[in-house]
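Notes follow the structure.
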Amino acid sequence: MHTNRMILILLATVFLTACGPDTPPNETATESEAPVAETEQKSQQVEADNWKRVETDAAITHIHGAGFWQDDARPVVATHHGLMEYREDGWYELMSNRHDYMGFELVVDGFYASGHPERQSAFKNPLGVVRGTDRGETLEVRSLEGEADFHHMSVGYRSESLYVYLEEPTNELRPGFYRSLDKGETIEPMKMEGTERHGIVGLLADAREPLRVHVYGPNGMLVSDDGGDTFDTLISGERILLAATDDTTLAYVREASDYELVLRQDEDETVLPLPDLEADAVPIELAIDEGRLLLATSDNSVYLYEEGSWTTLLQTGTAK
């Protein structure tokens, strides 16, 4: 593996908090029988059984991923206790696969993640790379189960190319940057040429192009079109904390005198004000989908941007 020892890896502690698998065992739902003809009614019953409303004032903590479900565009976050989605009447938690997810990334028909399994799970610790479908009810191990926990992972929404940073060595892999072009089944090292003297805090896979990947940090953003082997400057002179992309727009949070959210389409750039954040809160998760934005901060607050304004979905980790 080619190792670039000159790279300055800036890993903010809010991104890298190691969470242990201390969740309670799965709760098993009981599905009432229904006639075959009542397919729609039965489907609704399954959803009600598997997702439980979070009680008012309950704590939602350790957010390690955010996005929008593909079918109904509901906001969803990955937490220390599994997946939680926001509906019109509040937050709901999935009562199965309540793992401590890391690197949670939505794709066109599911998601990828890493992290630690819940107690009494059949999965090995750490999870390695898993792919989820059925809104998180079905998980498939793709690779490195029991070996790797990827806190830094970005996956192309349509390409499903994976780009990761491995912090701890495995039996066969040293710490460094890796890619997978076969949906997580195998990984190979990235050469990372052109990143010398550029601090890196995150990776961002292109939504469509499997070999396009960005890295960003206090010096701006670099882009590669060969799977992370060589990089060129895309944005310079900006301190970039977070980035996300969809089919048409690159979104990122930059830090100047204050935090700013930038939307970039080709050469056009729009700057949006962020919501009023709590004191000392730092943006840690960002997702974009057709003009809607989802932002999570280090104090476990979650904000939704749509139709020109921000709405608070979660305030300092307390469900409403």
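Using the structure shown, decide if residue 297 is more than 15 Å from residue 86 (Cα to Cα), open to solvent by less than 30 Å² (accessible area, probe 1.4 Å), free of Cβ contacts under 8 Å to residues at least 60 places away in the same chain and β-branched (Val, Ile, Thr). Let's see the steps before the verdict.
On the way: more than 15 Å from residue 86 (Cα to Cα): yes; open to solvent by less than 30 Å² (accessible area, probe 1.4 Å): yes; free of Cβ contacts under 8 Å to residues at least 60 places away in the same chain: yes; β-branched (Val, Ile, Thr): yes.
Answer is yes for this residue.
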Against the conditions (1) assigned to a strand (DSSP E or B); (2) closer than 29 Å to residue 140 by Cα, where does residue 169 fall short? Just the number, please. (1)
Pick from the stretch 249-262 the residues that are of a type in the set (Ser, Thr, Tyr) and over 19 Å from the mean Cα position of the chain (by Cα): which of them is most open to solvent (accessible area, probe 1.4 Å)? 257
Out of (1) among the small types (Gly, Ala, Ser); (2) free of Cβ contacts under 8 Å to residues at least 24 places away in the same chain; (3) under 26 Å from residue 162 (Cα atoms), the one residue 287 does not meet is (2)
All but one of (1) surrounded by fewer than 15 Cβ atoms within 10 Å (Cβ to Cβ); (2) under 24 Å from residue 105 (Cβ atoms); (3) touching a residue at least 40 places away in the same chain (Cβ under 8 Å) hold for residue 314; state the number of the condition that does not hold. (1)
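Matching residues to (1) in a strand (DSSP E or B); (2) open to solvent by 60 Å² or more (accessible area, probe 1.4 Å); (3) not charged (D, E, K, R):
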| site | (1), (2), (3) |
| --- | --- |
| 158 | no, yes, no |
| 179 | yes, no, no |
| 186 | no, yes, yes |
| 197 | no, yes, no |
| 203 | yes, no, yes |
| 214 | yes, no, yes |
| 226 | no, no, no |
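Is it the case that residue 251 is small (Gly, Ala, Ser) and touching a Gly at 6+ places or on another chain (Cβ under 8 Å)? Outline the logic, then answer.
Numbers: small (Gly, Ala, Ser): yes; touching a Gly at 6+ places or on another chain (Cβ under 8 Å): no.
So residue 251 does not fit the description; no.
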Can you find a residue that is β-branched (Val, Ile, Thr) and out of contact with any Lys or Arg (no Cβ under 7 Å at 6 or more places or on another chain) anywhere in the stretch 78-100? yes
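Do the conditions hold for residue 221, that is, is it more than 20 Å from the chain's Cα centre (by Cα), farther than 29 Å from residue 80 by Cα and either open to solvent by 10 Å² or more (accessible area, probe 1.4 Å) or touching a residue at least 24 places away in the same chain (Cβ under 8 Å) (or both)? Full working, then the answer.
Values: more than 20 Å from the chain's Cα centre (by Cα): no; farther than 29 Å from residue 80 by Cα: yes; either open to solvent by 10 Å² or more (accessible area, probe 1.4 Å) or touching a residue at least 24 places away in the same chain (Cβ under 8 Å) (or both): yes.
Against the criterion (more than 20 Å from the chain's Cα centre (by Cα), farther than 29 Å from residue 80 by Cα and either open to solvent by 10 Å² or more (accessible area, probe 1.4 Å) or touching a residue at least 24 places away in the same chain (Cβ under 8 Å) (or both)), residue 221 does not qualify.
In the stretch 59-79, which residues are open to solvent by 20 Å² or more (accessible area, probe 1.4 Å) and either within 22 Å of residue 202 (Cβ to Cβ) or part of a strand (DSSP E or B) (or both)?
Restricting attention to the stretch 59-79, the residues satisfying the condition of being open to solvent by 20 Å² or more (accessible area, probe 1.4 Å) are 59, 61-62, 70-74.
Within the stretch 59-79, 59, 61, 62 meet the criteria.
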Can you find even one residue in the stretch 263-284 that is under 26 Å from residue 73 (Cα atoms), open to solvent by 20 Å² or more (accessible area, probe 1.4 Å) and among the hydroxyl-bearing types (Ser, Thr, Tyr)? yes
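Can you name every residue in the stretch 108-126 that is in contact with a Pro (Cβ under 9 Å, 6 or more places away or on another chain) and in a loop (DSSP other than H, G, I, E, B)? Walk me through how you get there before you give the answer.
Taking the stretch 108-126 as the starting set, the residues that turn out to be in contact with a Pro (Cβ under 9 Å, 6 or more places away or on another chain) are 114-121, 123-126.
Passing the criteria: 117, 118, 119, 120, 121, 123, 124, 125, 126.
Results for (1) at positive phi; (2) more than 12 Å from the chain's Cα centre (by Cα); (3) open to solvent by less than 60 Å² (accessible area, probe 1.4 Å); (4) touching a residue at least 60 places away in the same chain (Cβ under 8 Å), shown as yes or no for each residue.
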position	(1), (2), (3), (4)
81	no, yes, yes, no
89	no, yes, no, no
94	no, yes, yes, no
111	no, no, yes, no
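Can you pull out the residues in the stretch 96-109 that are within 12 Å of the chain's Cα centre (by Cα) and either in contact (Cβ under 8 Å) with a residue 40 or more places away in the chain or under 17 Å from residue 293 (Cα atoms) (or both)?
Within the stretch 96-109, the first condition is being within 12 Å of the chain's Cα centre (by Cα), and the residues that meet it are 101-107.
Across the stretch 96-109, the qualifying residues are 102, 103, 104, 105, 106, 107.
The values are calculated or read from the model by the stated rules, or taken from the named source; none is laboratory data. Bear in mind the structure is a predicted one, so any value in this text is a computation, not a measurement. For neighbour counting, all protein chains shown are included, and Cβ atoms are generated from backbone atoms with ideal geometry for every residue, glycine included. All accessible areas refer to the heavy atoms of the entire protein, side chains included, with ligands and DNA or RNA removed. Shrake-Rupley method; radii C 1.70, N 1.55, O 1.52, S 1.80 Å.
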